[in-house]
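I have placed the structure first, in the form of structure tokens, so that the comments after it can refer back to it.
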Amino acid sequence: MPDSNHNTSTMLNPDYIPDEVLTELLEAKELPDNDKGYSAIAKLTVYEAFDTWLKYNGFLGYTTLIIDTLDGLRDAEAKAS
């Protein structure tokens with residue numbers, strides 16, 4: 001479940017989501033492959049979309065660990081510059 005550290009109000013543009021990922025998000029959310037489904041996907045945060053995609057692919061319970069690890073690595077990268 002998304003936590004407040006990773007929740008953002010930024011919407012996704014389905015036109016730029018890789019086709020395979022978009023298809024899996026639509027299937028996971030049981031949405032139609034049309035404008036209505038794309039509109040629903042667009043309302044997800046990156047964290048929600050990633051969490052849904054991970055669960056769809058069988059990676060239950062890993063979202064926060066992965067996001068926290070990436071955040072830590074990005075911080076380390078930024079501080080190295």
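The values are calculated or read from the model by the stated rules, or taken from the named source; none is laboratory data. Please read all numbers here as calculations on a predicted model, not as lab measurements. No Cβ is skipped: glycine too gets one built from the backbone with ideal geometry, and neighbour counts run over all protein chains shown. For the accessible areas, the whole protein counts, side chains as well, though only heavy atoms, and no ligand, DNA or RNA atoms are used. Shrake-Rupley method; radii C 1.70, N 1.55, O 1.52, S 1.80 Å.
Under unit Cβ charges (Lys, Arg +1; Asp, Glu -1), what dipole magnitude, rounded to 20 debye, does the chain have relative to its Cα centre?
Working: 6 positive and 15 negative charges, 42 e Å.
That gives a dipole near 200 debye.
Give the ranking of Phe50, Phe59 by solvent-accessible surface, highest area first, calculated with a 1.4 Å probe. Spell out each step's value before the answer.
Details: Phe50 60, Phe59 100 Å².
The ranking, largest first, comes out as Phe59, Phe50.
Could you check how much of the accessible area of the chain is carbon and sulfur, as a whole percent, using a 1.4 Å probe? Kindly include the intermediate steps, with their values, before the conclusion.
Working: 3170 of 5830 Å².
The nonpolar share, carbon plus sulfur, comes to 54 percent.
How high is the relative contact order of the chain, given as a whole-number percent (alpha carbon pairs under 8 Å, six or more residues apart)? The partial results should precede the final answer.
Details: 57 pairs, mean separation 27.0, N = 81.
This gives 33 percent for the chain.
Which loop GluC sites (Glu not before Pro) in the stretch 22-81, with loop taken from DSSP, have no more than 10 other Cβ atoms within 10 angstrom of their Cβ? Spell out each step's value before the answer.
Numbers: sites: Glu24, Glu27, Glu30, Glu48, Glu77; in loops: Glu30.
Passing both the DSSP loop test and the Cβ count: Glu30.
Please identify every one of the trypsin sites (Lys or Arg not before Pro) in the stretch 33-81 that sits in a loop by DSSP and has no more than 13 other beta carbons within 10 Å of its own beta carbon.
Numbers: sites: Lys36, Lys43, Lys55, Arg74, Lys79; in loops: Lys43.
Passing sites in the stretch 33-81 are Lys43.
Could you work out the Rg to Rh ratio of the stretch 12-65, with Rh taken as the Kirkwood radius (inverse of the mean 1/r over all Cα pairs)? Present the calculation step by step, with values, prior to reporting the outcome.
On the way: Rg = 10.6 Å, Rh = 11.1 Å.
We get a ratio of 0.95 for the stretch 12-65.
For every helix of n ≥ 4 consecutive DSSP H residues, a contribution of -39,500 (n - 2.57) applies; sum these over the chain, divide by its total residues, and give [θ] at 222 nm rounded to the nearest 500 deg cm²/dmol.
On the way: 4 runs with 47 residues, N = 81.
For the chain, the value works out to -18000 deg cm²/dmol.
On full extension of the chain, what length is gained from Thr10 through Lys55, given 0.36 nm per residue of separation minus the C-alpha to C-alpha distance?
Values: separation 45, 0.36 × 45 = 16.20 nm, distance 2.12 nm.
That works out to 14.1 nm of additional length.
Rounded to the nearest 0.05, what FRET efficiency is calculated for Asp35 and Leu73 with R0 set to 41 Å and r the Cβ-Cβ distance?
Numbers: r = 36 Å, r/R0 = 0.89.
Efficiency at R0 = 41 Å is approximately 0.65.
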